[in-house]
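Data first, discussion second: the structure below is written as structure tokens.
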Amino acid sequence: MSVTSERMKEQRKIKKLTQTSLAELVNSSRSSIAQIETDKYTPSYAMLSLIADALDTTVEYLQGKTDSPLKTPHNGSDDGYDKKHVDLADDELIMSFEGKELSEDYKNSILAFVKMLREERK
């Protein structure tokens, strides 16, 4: 099994979730979750991001890029002052993917997608 499938299954069990309940949280099917956990299907980054959020971990952890399942390193402060706030609507914000700057069209598409997701959750 891949690191992703092993860690996903492990975190799901730690959270005491069934495949069905995890599927409901990420708006997917139980069979899709089962296929990911058995390496029969490789999830998209977007799906992996939804799964990571549902499991209260990070995509990087699920992919094996880090060994810490925590969303942010804990430094003893829970007040949120150590977090960096980025406003996606900031015109000076430069978005990049795999080291290459995204075009304005891509940036606008991402912003539209984020707005749509936010509206769906209201």
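Pairs, please: C-beta under 7 Å, at least 6 apart or cross-chain, first residue under 14 Å from Arg7 (Cβ atoms) and open to solvent by 40 Å² or more (accessible area, probe 1.4 Å) and in region 25-49, second part of a loop (DSSP other than H, G, I, E, B) and not acidic (Asp, Glu)?
Asp39/Met1; Asp39/Ser2
How about region 1-19: which of its residues are surrounded by fewer than 13 Cβ atoms within 10 Å (Cβ to Cβ) and in a helix (DSSP H, G or I)?
Just the residues of region 1-19 that are surrounded by fewer than 13 Cβ atoms within 10 Å (Cβ to Cβ), to begin with: 1, 3, 13-14, 16, 18.
Those that are surrounded by fewer than 13 Cβ atoms within 10 Å (Cβ to Cβ) and in a helix (DSSP H, G or I): Val3, Lys13, Ile14.
Across region 9-66, what is the number of residues that are closer than 28 Å to Glu98 by Cβ and among the aliphatic types (A, V, I, L, M)?
Total satisfying the criteria: 13.
When only residues in region 108-122 that are open to solvent by 70 Å² or more (accessible area, probe 1.4 Å), of a type outside the set (S, T, N, Q) and assigned to a helix (DSSP H, G or I) count, which is nearest to Ala46 (Cα to Cα)?
Of everything passing the filter in region 108-122, Phe113 is nearest to Ala46 (Cα to Cα).
Here's a check for you: in region 96-107, which residue that is modelled with pLDDT of 75 or more and assigned to a loop (DSSP other than H, G, I, E, B) is farthest from Tyr45 (Cα to Cα)? Steps first, please.
Of all residues in region 96-107, those modelled with pLDDT of 75 or more come to 96, 100-107.
The next check asks that each one be assigned to a loop (DSSP other than H, G, I, E, B); those that pass are 102-103.
Values: Leu102: 17, Ser103: 20 Å.
The residue in question is Ser103.
The values are calculated or read from the model by the stated rules, or taken from the named source; none is laboratory data. Not measured: the values here are computed from a predicted model. Neighbour counts run over all protein chains shown; Cβ positions are idealised from the backbone, glycine included. Keep in mind that these areas ignore ligands, DNA and RNA; they rest on the heavy atoms of the full protein, side chains included. Shrake-Rupley method; radii C 1.70, N 1.55, O 1.52, S 1.80 Å.
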